[in-house]
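J.: Sharing a structure with you now.
Values in this text are rule-based calculations from the coordinates and carry no lab data. Because the structure is a prediction, the values reported are computed rather than measured. Here Cβ is always computed from backbone atoms with ideal geometry, including for glycine, and neighbour counts include all displayed protein chains.
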Amino acid sequence: MMTSKTTRRSQAWFGRQDKMGFYYRSFLKNGGAPQDQFDGRPVIGICNTWSELNPCNAHFRTIAEHVRIGVLDAGGFPLEFPVSSLGEVTMRPTAMLFRNLASMDVEEAIRAHPLDGVVLLMGCDKTTPALLMGAASADLPTIGVSGGPQLRGMYQGRAIGSGTDIISMSEQLRAGEITLEEFHEAESAMNRSSGHCMTMGTASSMASMVEALGVGLPGNAAIPAVDARRNNLARMAGRRIVSMVEEDLVLSRILTRPAFENAIRTLAAIGGSTNAVVHLLAIAGRIGVELTLDDFDRLGRDVHCLVDLMPSGRFLMEDFYYAGGLPAVLRTLGEKGLLHKDAPTVNGAAIWENVKDAPCWNSDVITPFEEPFKPDAGIAILRGNLAPDGAVIKPSAASPELMKHTGRAVVFESIEDLHHRIDDDELDIDASCVMVLKHCGPKGYPGMAEVGNMPLPRKLLRQGVRDMVRISDARMSGTAYGTVVLHVAPEASAGGPLAMVRNGDLITLDVAARQLHLHVDEATLRARRAAWTPPAPHAERGYAKLYIDHVLQADRGADLDFLVGKSGSPVPRDNH
Ligand code: FES
Ligand code: MG
């Protein structure tokens, strides 16, 4: 399919020879655009999440400049525009609360403007799903360009990883094993270049999803932010989007069911973030692909974790890039029959064409399938009377000895309750207990914060305990680790069984059997439910109220119910 210059979407604005044509062209001419700029050449939006409040995306003006050059190279008309930027570590109560809001911003901005194609600039965790969700609902030709990971952190002669080492060092500080001065020095050492978190956290996982879905160019996942090849990739994306408009290669032709299946298997092979589960479900919901939690379990089951990256392993994204990056992983999946080879990608080639000769330069970082870093490490979906609609655990980041465990519940009714009591030496807890945290789900926090990897009690840390079974309706950072059961659905604040758990109840986690069971009989649970009153909602007005009233549960991607699906790009009316 080709679109001709005269039928091009932007010509509904710029192709008019009347009052409205004057409006639409004249005001853009104040930027220096000559008359022939409006002749029907593809108009490309560069959707930028640059923000100083989101340091992971703070280098995006440079990336946007390279996209712009690429668009001009190919004869397009580039127009950069800003959308909400979501800084994972700066926003409270959690950037996730605003993912859906940002996606609305993106969708409406794309639709309302005279654009024929879009390049999405994404980096920090939530910016990637927000932009993909919004773009999916508008469905123009779209390329994703990730901002790239930071260089690896270097501290006291060793590599340290974003998030992962923050978590371990803060536990060491609480246990009295390191000084505050060392802690501060590590802060500077961890963030030493532009880019997003350089562990295989949520940002790197989502950048890998962009590449595995075929919506980014090969190499998108791992090129460091400050490597010149990142700018080169941005330029190539700018050139390519112009031809994509000419080919009418809209996003729904890329984001097909096979593309999502490729992404899910890739997520398992990279030991990726549990957050990607929620985000992929939400993106699929927008583009109209049927995807369920069980797809993650079924498709990820035969896949080994091939990359030895933090938080599951030792290395960082920079090492991953030098070892061959995601193309090397995709090639291995393809060779094992675990890739839909003909899934189309934005560069016009099927995914297999892009990766079939991809080299691996370091088999310590990207391991062979026969000798995987961790076998059978796909994300596991648990069910049982404690999580009728499912819960998620990342086996590659868990302790093998806790994967089958029964313990006594120690319940925290809220995040404040947890913070208040966790370091109390009187807390009745030992290493065999199961920590349960309630009211941290989508409605309950609100926004389903990354608090599921609860800090361990200080008195147990001092005894050398480094992991315990933890269960909640929260998420956890993609950089976190431990035997942590997340995304329990329905959440406590929606009246899920999690709300009915009491101190002393026995809970069994059995990852191999995919079970999460609360050893309390039906009649007792019914009685507890009858006595239960839901907590007062966190907001009575504004966006938070809209969110709480309409957010779907984690098993459906935590999108707002009225945002599921797409409206496409038509706008029938002029503005004057
Ligand atoms: Fe932005 Fe980790 S805080 S990617
Ligand atoms: Mg995070």
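J.: Taking 22 Å as R0, compute the FRET efficiency from the Cβ-Cβ separation of Arg541 and Glu413 and round it to 0.05.
T.: Computed FRET efficiency for Arg541 and Glu413: 0.30.
J.: Same structure, new question: Name the long-range amide H neighbours of Thr479: under 5 Å, sequence gap of 5 or more, or other chain; modelled H, no Pro or chain starts.
T.: Correct list: Thr202.
J.: Name every cysteine in the chain that ends up alone, with no second cysteine's Cβ under 4.7 Å, or say none.
T.: Cys47, Cys197, Cys305, Cys360, Cys433, Cys440
J.: Using θ = phi - 60° and the Karplus relation 6.51 cos²θ - 1.76 cosθ + 1.60, list the HN-Hα couplings for the range 72-80 in order, rounded to whole Hz, with x at every Gly or Pro.
T.: So the J values, rounded to whole Hz, are 5, 3, 8, x, x, 10, x, 9, 8.
J.: Also, I was wondering about something else. DSSP loop GluC sites (Glu not before Pro) in the range 353-431 with at most 16 other Cβ atoms within 10 Å of their Cβ, which ones?
T.: Of the GluC sites (Glu not before Pro), the ones in loops of the range 353-431 whose Cβ has at most 16 other Cβ atoms within 10 Å are Glu370, Glu413, Glu426.
J.: I would also like to ask the following. Considering the range 283-421, what Rg and Dmax in Å follow from its alpha-carbon atoms?
T.: Every Cα atom of the range 283-421 included, Rg and Dmax give 18.7, 56 Å.
J.: Shifting gears a bit: From the C-alpha coordinates alone, can you work out the Kirkwood hydrodynamic radius of the range 170-211, in Å?
T.: Details: mean 1/r = 0.0813 Å⁻¹.
It works out to 12.3 Å.
J.: Of Asn220, Thr332, Ala387, which is farthest towards the positive pole of the chain's charge dipole, taken about the Cα centre with +1 and -1 on the beta-carbons of Lys, Arg and Asp, Glu respectively?
T.: Asn220
J.: Suppose every K and R has +1 on its Cβ and every D and E has -1 on its Cβ; what is the size of the dipole of the chain about the Cα centre, in Debye to the nearest 20?
T.: 1280
J.: Let me ask something additional. Evaluate E = 1/(1 + (r/R0)^6) for Ser4 and Asp342, where r is the Cβ-Cβ distance and R0 equals 22 Å; express this FRET efficiency to the nearest 0.05.
T.: Efficiency for this residue pair is about 0.20.
J.: Continuing with the same structure: With θ set to phi - 60°, apply the Karplus curve 6.51 cos²θ - 1.76 cosθ + 1.60 along the range 513-530 and write out the HN-Hα couplings as whole Hz, x wherever there is a Gly or Pro.
T.: Values per residue, Gly and Pro as x: 8, 6, 10, 9, 10, 9, 7, 9, 6, 3, 4, 5, 4, 4, 5, 5, 5, 4 Hz.
J.: Give me the angle, in degrees from 0 to 90, between the Cα long axis of helix 228-247 and the longest principal axis of the Cα atoms of the chain, rounded to the nearest 10.
T.: So the helix axis and the longest Cα principal axis differ by about 60 degrees.
J.: Let me ask something else. About its Cα centre, what dipole magnitude does the range 380-535 give when the only charges are +1 on Lys and Arg Cβ and -1 on Asp and Glu Cβ, stated in debye to the nearest 20?
T.: 320
J.: Still on this model: For the range 153-192, what is the Kirkwood estimate of the hydrodynamic radius, computed as the reciprocal of the mean inverse distance between distinct Cα atoms, to one decimal in Å?
T.: After inverting the pairwise mean of 1/r, the radius is 10.0 Å.
J.: Give me, ordered by chain and number, the residues 5 or more places off Tyr155 or on other chains with an amide H under 5 Å from its own placed amide H.
T.: Sorted by chain and number, the residues that satisfy this are Ile160.
J.: Over all directions, the average projected area of the alpha-carbon convex hull for the range 380-535 comes to how many nm²?
T.: Hull-based average projected area comes out at 8.4 nm².
J.: Which value results when the Cα radius of gyration for the range 189-250 is divided by 2.2 N^0.38 Å?
T.: For the range 189-250, the normalised Cα radius of gyration comes out at 1.27.
J.: Return the sequence-ordered ³J(HN,Hα) values of the range 11-19 in whole Hz as given by the Karplus equation 6.51 cos²θ - 1.76 cosθ + 1.60 applied to θ = phi - 60°, using x for Gly and Pro.
T.: After applying 6.51 cos²θ - 1.76 cosθ + 1.60, I find 6, 5, 9, 8, x, 8, 10, 8, 3 Hz.
J.: Still on this structure, I have one more. Projected onto the charge dipole of the range 380-535 (+1 at Lys/Arg Cβ, -1 at Asp/Glu Cβ, origin at the Cα centre), which of Leu516, Ser432, Leu498 gives the Cα projection farthest towards the positive end?
T.: Result: Leu516, furthest along the dipole toward the positive end.
J.: Once you place label points 7 Å from the Cα toward the Cβ at Leu173 and Gln515, how far apart are they in nm?
T.: Calculated label separation equals 4.2 nm.
J.: Tally Lys and Arg at +1 and Asp and Glu at -1 over the other residues with C-beta under 15 Å from the C-beta of Pro572: what net charge comes out?
T.: +3
J.: Based on alpha-carbon centroids, what's the gap between the range 284-319 and the range 65-105 in Å, whole number please?
T.: For the range 284-319 versus the range 65-105, the Cα centre distance is 24 Å.
J.: Taking loop as defined by DSSP and a crowding limit of 11 other beta carbons within 10 Å, which GluC sites (Glu not before Pro) in the range 41-125 fit? Write down the numbers at each step before the final one.
T.: On the way: sites: Glu52, Glu65, Glu80, Glu88, Glu107, Glu108; in loops: Glu52, Glu88.
For GluC sites (Glu not before Pro) across the range 41-125 that sit outside H, G, I, E and B with at most 11 neighbouring Cβ atoms in 10 Å, the list reads Glu52.
J.: Shifting gears a bit: For the range 153-192, give the magnitude of the charge dipole about the Cα centre (Cβ charges: +1 Lys/Arg, -1 Asp/Glu; no others), in debye to the nearest 20.
T.: 140
J.: Among Gly161, Ala175, Ser188, which residue has its Cα positioned farthest towards the positive end of the charge dipole of the range 153-192, with +1 placed on the Cβ of Lys and Arg, -1 on the Cβ of Asp and Glu, and the dipole taken about the Cα centre?
T.: About the Cα centre, the residue reaching furthest to the positive side is Gly161.
J.: First measure r as the distance between the Cβ atoms of Gln463 and His550, then evaluate 1/(1 + (r/R0)^6) with R0 = 41 Å and state the FRET efficiency to the nearest 0.05. Working shown, then result.
T.: Numbers: r = 45 Å, r/R0 = 1.10.
With R0 = 41 Å, the Cβ-Cβ based efficiency is 0.35.
J.: Let me ask you something else. Taking the beta-carbon count within 10 Å as an exposure proxy, list Lys443, Lys29 from fewest neighbours to most.
T.: Arranged by neighbour count, lowest to highest, Lys443, Lys29 become Lys29, Lys443.
J.: Along the Cα→Cβ direction, 7 angstrom out, place labels at Asp18 and Leu72. What is the inter-label distance in nm?
T.: Here the answer is 3.4 nm between the modelled labels.
J.: Another question, if that's okay. So how many Å³ per residue does the convex hull of the Cα atoms of the chain work out to?
T.: With only Cα atoms used, the chain gives 148 Å³ per residue.
J.: Here's something else I'd like to know. At 222 nm, what value in deg cm²/dmol follows for the chain if DSSP H runs of at least 4 each add -39500 (n - 2.57) and the sum is divided by all its residues, to the nearest 500? Working shown, then result.
T.: On the way: 20 runs with 196 residues, N = 576.
That comes out to -10000 deg cm²/dmol.
J.: Give Lys5/Lys126; Lys336/Lys394; Lys126/Lys336; Lys29/Lys126; Lys126/Lys443; Lys126/Lys438 a once-over and call out the pairs whose C-alpha atoms are over 25 Å from each other.
T.: Where the Cα-Cα span goes over 25 Å, the pairs concerned are Lys5/Lys126; Lys126/Lys336; Lys29/Lys126.
J.: Out of every Cα-Cα pair in the range 277-348, what percent are more than 19 Å apart?
T.: Tail fraction, whole percent: 54.
J.: Which of the aspartates and glutamates could a cross-linker bridge to Lys374, judged by Cα under 17 Å and excluding same-chain residues fewer than eight apart?
T.: Straight-line reach from Lys374, under 17 Å: Asp297, Asp302, Asp308, Asp364, Glu401.
J.: Once you have the Cα-Cα distance between Glu182 and Thr292, take 0.36 nm times their residue separation minus that, and quote the gain in nm to one decimal.
T.: 35.1 nm
J.: Cα convex hull of the range 20-101: how many Å³ per residue?
T.: In the range 20-101, the Cα hull volume divided by residue count equals 126 Å³.
J.: Does anyone have the angle between helix 127-138 and the longest principal axis of the chain? Alpha-carbon axes, 0 to 90°, nearest 10?
T.: Helix 127-138 sits at roughly 50 degrees to that axis.
J.: Around Asp302, with a cut-off of 14 angstrom between Cβ atoms, what is the net charge of the other residues, counting Lys and Arg +1 and Asp and Glu -1? Present the calculation step by step, with values, prior to reporting the outcome.
T.: On the way: positive: Arg265, Arg298, Arg301, Lys336, Lys374; negative: Glu261, Asp295, Asp297, Glu335, Glu370, Asp376.
Residues close to Asp302 contribute a combined charge of -1.
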